[in-house]
1. In whole Hz, with x marking every Gly and Pro, tabulate ³J(HN,Hα) for the range 45-55 from phi via Karplus 6.51 cos²θ - 1.76 cosθ + 1.60, θ = phi - 60°.
2. Can you tell me the FRET efficiency between Glu163 and Ala97 if r is taken as the Cβ-Cβ distance and R0 is 30 Å, rounded to the nearest 0.05?
3. Is any residue of the range 21-59 close enough, with backbone N under 14 Å, to a label point placed 7 angstrom from the Cα of Thr229 along the Cα-Cβ axis, and if so, which?
4. Gain in length, Leu177 to Asp252, computed as 0.36 nm per residue apart minus the alpha-carbon separation, to one decimal in nm?
5. So, in Å, what gap is there between the alpha-carbon centers of the range 138-155 and the range 212-248?
6. At 7 Å along Cα-to-Cβ for each site, give me the label-to-label distance between Phe40 and Ile204 in nm.
7. Based on the Cβ-Cβ distance from Val79 to Lys52, what FRET efficiency comes out when R0 is 45 Å, to the nearest 0.05?
8. Give the dimensionless ratio obtained when the Cα radius of gyration of the range 49-261 is divided by 2.2 N^0.38 Å.
Amino acid sequence: MRTGSLRLGSIATWAVLVFLLAPLVVIVAASVGAGGYLTFPPQGFSLKWYAKAVTTEGFVRGFRVSFLVGLAAAAGAAVLGVGAAVAITRHRFPGKAAVEGVLLAPLVVPHIVTGIALLGLFTTLRAPYSLWRLILAHLIITVPYVVRTVAAGLHDQDPCLEEASLNLGRTHLQTFLHVTLPLILPCLLAGSIFAFIISFENYIISVFLAGPSYATLPMELYGYMQYITDPALAALSTMLLAITVGLMLALDRLFGIDRLTLFR
């Protein structure tokens, strides 16, 4: 009975994996098709669509915007996330539970709700379209990922190391720079990578706040799809998939993706 249940569970697991991976296989295969339309199986073999994807003006412009916004959001999230993680794991203060809830709220609040709320806020403030407006919006949704990874790393470190540094005459800043930061650096790098991925591939919030002059790569991709359906779409999607998988592998190597779910 137990053997049959295990076999059924294995079949169900493989079925789910096939269901999830099949669309990716179709996209990758379609990206090397020689035909002028997205077809599967592909008609012939050609890499010309990759050349078109990296030379299309809209895609290049969108990549530049997404990269700059993602880099700035990841850097800002790293600074704010470390400070917040240290505060909630190493200190006791009134309203600590409420602060933790606010810091992690962007993980559970739908992005469309966040986007509409920020659009209303910036409209009320009459803030013009700019990269800074987009960076601030992305910062809100990326900080929680750094908080989670750094907080998990701090929980694994012995606070006695920091106390020993303070007892030996080091200031709190020196203790943080020479003791705490080196210990949590892998966690910080992992959280920053995750923040960059989330920002780079975000569409919902960007479409509310970017404006025509600061369209991100996902926005350019969706706009292109409305009028043209050639394999350049599949080629660009394949490249984005490769970038994401590479960053996720680096993230897992640095920290362990499974630990992102831990927040004790």
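1. Listing the rounded values in order: 9, 7, 9, 5, 6, 5, 4, 5, 5, 8, 10 Hz.
2. Computed FRET efficiency for Glu163 and Ala97: 0.75.
3. Those under the cut-off are 36-40.
4. Using 0.36 nm per residue and subtracting the Cα-Cα distance, I get 24.5 nm.
5. Distance between centres, Cα-based: 27 Å.
6. Computed distance between label sites Phe40 and Ile204 equals 2.4 nm.
7. The formula returns an efficiency of 0.70 here.
8. Rg over 2.2 N^0.38 Å, computed on Cα atoms: 1.16.
Values in this text are rule-based calculations from the coordinates and carry no lab data. Please read all numbers here as calculations on a predicted model, not as lab measurements. Note that each Cβ is placed from the backbone with ideal geometry, even for glycine, and that neighbours are counted across all protein chains shown.
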